[in-house]
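The structure under discussion appears below in the form of structure tokens.
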Amino acid sequence: MKLIFVYNADSGLVNTLMDIGHKAISPQTYQCNLCDLTFGMFKENKKWKEFRKESDTEMEFLHRDEFEQKYGKQFDYPLILKQDDELSVAISQAELNQIQTLDELIERVKIVSQLPASN
């Protein structure tokens, strides 16, 4: 079983710089709560990084363009998918947007990593 985290952002240097600018200038309109929770302005949140490294759950992190190219599917981003034999939504965009703190995200990830996949 693997969790796939898909950010509501595209890959590449130009897109990264535009995202940083958007977060700095207009954080209230930034459209990737997963990015906000797991990353600061320039680097990954230390607590999140430690959680990832200590977790027994396999995790893959992709920008939306990378995900769509690799998996050939589209969703409302950001979201977290669970992959067993098939892909299923573990934490939807709407659910992610309700999460207010990194601790809350970590607890949700722990819970979904223990649940059987459902489609």
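No lab work stands behind these numbers, since they all come straight from the coordinates. Everything quoted here is computed from the prediction, not taken from an experiment. For neighbour counting, all protein chains shown are included, and Cβ atoms are generated from backbone atoms with ideal geometry for every residue, glycine included.
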Please report, for the Cα atoms of the stretch 43-119, the Rg to one decimal and the Dmax as a whole number; what are they, in angstrom? 12.7, 34
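Subtracting the Cα-Cα distance from 0.36 nm times the residue separation, let me have the gained length for Ser88 to Gln69 in nm, one decimal.
Gain in length upon complete extension: 5.1 nm.
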Links that overshoot a 23 Å alpha carbon limit, given the list Lys53/Lys110; Lys49/Lys110; Lys2/Lys49; Lys46/Lys110; Lys53/Lys73; Lys46/Lys73: Lys53/Lys73; Lys46/Lys73
Asp76 and Asp103 label points (each 7 Å along its Cα→Cβ direction) are spaced in nm at 2.9 nm
